[in-house]
Amino acid sequence: MVHAFSRPRPAPGPQVVAPDADDARPRRRPLGLRDPRIRTALVTGASSGIGAAVARRLGDEEGWRLVLTGRDPVRLRQVADDTSATAFAADLTLPGADRQLTDFATATAGPVDLLVAGAGVGWAGEFLDMPPHTIDEVFDINVLATLRLVRLLLPGMVAAGSGRVVLIGSLAGSVAVRDEAVYSAAKAAIGAFADSLRYELRGTGVGVTHVVPGVVDTPFFERRGAPYQRSRPRPVPAERVAEAVRSAVARGRDEVYVPSWLRLPCRVRGTAPGLYRRLAARFG
């Protein structure tokens, strides 16, 4: 059962809904009988796209107790049913939602061992045409909500001496993309945060993985208001990104590109920025 969380928001957006922790029904082993071999994973943005694919990929593996969150309660419930997960539908940009989610996850599944921050939203078009409230929304969802949630979950991981934070970035944040200035800036912030946080956590047993996908075949483009029209790079299935996340967690990798050849344009931009900018201006 879900209940309305009716705190007003300053800009248009979906209504927040969140189940009370007392009403939630964990679908796996009760905490009093917690198997130390079973770890808890919290996946954001799990109602669709990459987040949903990650949830399903982890759900296929033994050893994971899943808590999923997203803004669409109907789709989130479907993903939770498919993966035997516990669901908490919420808009994490609202004040207090991150704390509610953290308390809910701990109460129903125990300390979080893995956070996969997959929530994201985009907007396409020239920056001068972008509505001011949309600028706020892109940064609130892609950056601020993620940072606040990491801040709440990280102390428990550090105290346990283990855990991993997986941040879903974008090629747009590594090389910048025309007509996606704010989205590129937001994803660049996520990449910088991943690197800086990794330095701070060295020696704690907690890892940080930055996943950098290119174009992914998800409802992302439909929701941003403009279809994907470039010939390259070609969209990859969300399941491919999910497998990259699973592999990175298993191997403890710091950074993963999906597909892997996307490292090349990033390296060209880093070593020859002038050349890269000329090529990007010509070919888009």
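The values are calculated or read from the model by the stated rules, or taken from the named source; none is laboratory data. Because the structure is predicted, anything quoted here is derived from the model rather than measured. As a convention, Cβ positions derive from the backbone with ideal geometry for all residues, glycine included, and neighbour counts pool all protein chains shown. Ligands, DNA and RNA are stripped out before the accessible areas are found, and what is left, the full protein with its side chains, is counted by its heavy atoms. Shrake-Rupley method; radii C 1.70, N 1.55, O 1.52, S 1.80 Å.
Using the heavy atoms of the protein chains and a 1.4 angstrom probe, tell me the accessible area per residue for the stretch 144-218 in square angstrom.
Details: 2910 Å² over 75 residues.
Roughly 39 Å² per residue, with all protein chains present.
Report relative contact order for the stretch 127-220 in percent, whole number only (criteria: Cα-Cα under 8 Å, sequence separation at least 6).
On the way: 104 pairs, mean separation 32.7, N = 94.
Averaging sequence separation for qualifying contacts and normalising by length gives 35 percent for the stretch 127-220.
7 Å from Cα along Cα→Cβ at both GLU62 and SER84: what's the point-to-point distance in nm?
Spacing of the two 7 Å Cα→Cβ label points: 1.1 nm.
Alpha carbon centre of the stretch 77-104 versus the stretch 105-150: separation in Å?
Rounded to whole Å, the Cα centres lie 14 Å apart.
Arrange the peptides 47-53, 174-180 so that the one whose residues have, on average, the most other Cβ atoms within 10 Å appears first. Let's see the in-between values first.
Numbers: 47-53: 25.4, 174-180: 18.7.
Answer by packing, highest mean first, reads 47-53, 174-180.
Based on the mean of other Cβ atoms within 10 Å per residue, sort peptides 128-140, 261-273, 63-75 so the most packed one is first. Kindly include the intermediate steps, with their values, before the conclusion.
Numbers: 128-140: 15.5, 261-273: 13.3, 63-75: 22.2.
In decreasing order of mean packing, 128-140, 261-273, 63-75 become 63-75, 128-140, 261-273.
For the stretch 102-130, list residues with backbone N below 11 Å from a point placed 7 Å from the Cα of ILE38 toward its Cβ?
Only 109-110 fall inside the zone, counting backbone N under 11 Å.
Order these peptides, 96-107, 247-258, by their mean beta-carbon neighbour count within 10 angstrom, highest first.
Working: 96-107: 18.9, 247-258: 15.9.
Ranked by mean Cβ neighbours within 10 Å, highest first: 96-107, 247-258.
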